[in-house]
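This report refers to the structure that appears directly beneath it.
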Amino acid sequence: MKIVDANTDLCANHSEAYSKVKGAYSLWFAAYGNLTHEDFLKRLVVLPETGDRAREVVRFLIHNPERWK
Ligand SMILES: [Zn+2]
């Protein structure tokens, strides 16, 4: 069964990763301030500790910035 998040059109696994990426942005924004989504995503995608699913979500958001909600 394919589970799709109505907001993101992502499957359950990637929807979870998407939530984690956005949660990480909140933490980074609090720590660094003045951090754009784009800068955050570009930094996150090169971090070795970023998981495969999160990295896929990050790439998706880099190519589809309008999908950041
Ligand atoms: Zn997926």
Discussion item. Within 16 Å of the ligand (Cβ to nearest atom) and loosely packed, with under 14 Cβ neighbours inside 10 Å: is that true of Gly33 in this structure?
Written reply: no
Practice prompt. Give me the pairs, please: first residue somewhere in the stretch 53-68 and over 15 Å from Ser19 (Cβ atoms), second residue anywhere and away from the ligand (no atom under 15 Å from the Cβ) and of a type in the set (Asp, Glu), beta-carbon distance under 7 Å, and either six or more positions apart or on two chains.
Written response: Pro65/Glu38
Practice prompt. State which residue is modelled with the lowest pLDDT when the search covers only the stretch 5-16 and only residues that are of a type in the set (A, V, I, L, M, F, W, C) and under 17 Å from Leu61 (Cβ atoms).
Written response: Leu10
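Against the condition in contact with a Leu (Cβ under 9 Å, 6 or more places away or on another chain), within 16 Å of the ligand (Cβ to nearest atom) and modelled with pLDDT of 95 or more, how does Val58 come out, does it pass?
On the way: in contact with a Leu (Cβ under 9 Å, 6 or more places away or on another chain): yes; within 16 Å of the ligand (Cβ to nearest atom): yes; modelled with pLDDT of 95 or more: yes.
Here the answer is yes, as Val58 does meet what is asked.
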Worksheet, complete the sentence: In the stretch 41-55, anything away from the ligand (no atom under 16 Å from the Cβ) and under 9 Å from the mean Cα position of the chain (by Cα) is listed as Leu41, Leu44
Response to the item:
For the stretch 11-25, pairs from a residue that is farther than 11 Å from His37 by Cα to a residue that is within 9 Å of the ligand (Cβ to nearest atom) and among the aromatic types (Phe, Trp, Tyr), with Cβ under 9 Å and 6 or more apart or across chains, are none
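The values are calculated or read from the model by the stated rules, or taken from the named source; none is laboratory data. Just so it is clear, the model here is predicted, and its values are computed rather than measured. Every residue, glycine as well, gets a Cβ built from its backbone with ideal geometry; the counts of neighbours run over all protein chains shown.
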